[in-house]
1. Of the numbered conditions (1) closer than 30 Å to Asp8 by Cβ; (2) of a type in the set (Gly, Ala, Ser); (3) within 15 Å of the chain's Cα centre (by Cα), Gly46 fails exactly one; give the number of that condition.
2. Tell me yes or no: at least one residue of the range 71-93 is closer than 22 Å to Ile124 by Cα, without any contact (Cβ under 8 Å) to a residue 60 or more places away in the chain, within 15 Å of the ligand (Cβ to nearest atom) and not hydrophobic (A, V, I, L, M, F, W, C).
3. Check whether at least one residue in the range 58-65 is away from the ligand (no atom under 16 Å from the Cβ) and more than 11 Å from Ala15 (Cα to Cα), and report yes or no.
4. Pairs please, first residue from the range 39-67 and among the hydrophobic types (A, V, I, L, M, F, W, C), second anywhere and part of a loop (DSSP other than H, G, I, E, B) and within 13 Å of the ligand (Cβ to nearest atom), Cβ atoms under 8 Å, 6+ apart in sequence or on different chains.
5. Tell me whether the range 26-36 contains one or more residues that are in contact with a helix residue (DSSP H, G or I) (Cβ under 8 Å, 6 or more places away or on another chain) and modelled with pLDDT under 95.
6. Of all residues in the range 55-91, count the ones that are surrounded by 13 or more Cβ atoms within 10 Å (Cβ to Cβ) and not hydrophobic (A, V, I, L, M, F, W, C).
7. Working only within the range 94-112, note down all residues that are within 16 Å of the ligand (Cβ to nearest atom) and small (Gly, Ala, Ser).
Amino acid sequence: MSIKDLADCHLDHVAIVVEDLEKACKIYEDMGIHFLPEREVVEDQGVKTAFAPVDDRANIELLEPYGEDGPIHQYLAKKGPGIHHLCFRVKDVKAKGEELSAKGYRLLYPEPKIGAHNCLVNFIHPKSTGGVLIEISQKGEH
Ligand code: CO
């Protein structure tokens, strides 16, 4: 891996599943983290999210189940609240997904999907990463 590759990938967010978005925000606010006022619903994923910058690149993303059912509802019911995934920002999520897939990593989606903040995202199954769900994300057009 070259230095250029490292520069092309950085931690974008740590996502945490919560039961109550506003109560959870308060916990991180108490740590000195400030959440953006907007709450975003991602219908496709069945979540409502709150975002807080930690530094100039990394964020905390809180995920509250939204709607009838979805992966986050199931996660919360099965495992309870806690850290859900890490997200790395990459330049080209499709190319990175194909590269990882060729190396034997199991991707959740055959093609990238639209995630929060209009980003293009895919996920790598925790079975191929030593137990951590990893999201790869490409900045969307704004
Ligand atoms: Co995420």
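1. Against the list (1) closer than 30 Å to Asp8 by Cβ; (2) of a type in the set (Gly, Ala, Ser); (3) within 15 Å of the chain's Cα centre (by Cα), Gly46 comes up short only on (1).
2. Looking through the range 71-93, at least one residue is closer than 22 Å to Ile124 by Cα, without any contact (Cβ under 8 Å) to a residue 60 or more places away in the chain, within 15 Å of the ligand (Cβ to nearest atom) and not hydrophobic (A, V, I, L, M, F, W, C).
3. Going through the range 58-65, the residues away from the ligand (no atom under 16 Å from the Cβ) turn out to be none.
There is no residue in the range 58-65 that is away from the ligand (no atom under 16 Å from the Cβ) and more than 11 Å from Ala15 (Cα to Cα).
4. Val42/Gly115
5. So the first thing to find is which residues in the range 26-36 are in contact with a helix residue (DSSP H, G or I) (Cβ under 8 Å, 6 or more places away or on another chain), and the list is 35.
Then keep just the ones that are modelled with pLDDT under 95; that gives none.
No, because not a single residue in the range 26-36 is in contact with a helix residue (DSSP H, G or I) (Cβ under 8 Å, 6 or more places away or on another chain) and modelled with pLDDT under 95.
6. 14
7. Across the range 94-112, the qualifying residue is only Gly97.
The values are calculated or read from the model by the stated rules, or taken from the named source; none is laboratory data. Just so it is clear, the structure is predicted and the values come from calculations on it, not from any experiment. Here the Cβ is made from the backbone with ideal geometry for all residues, glycine too, and neighbour counts use every protein chain on show.
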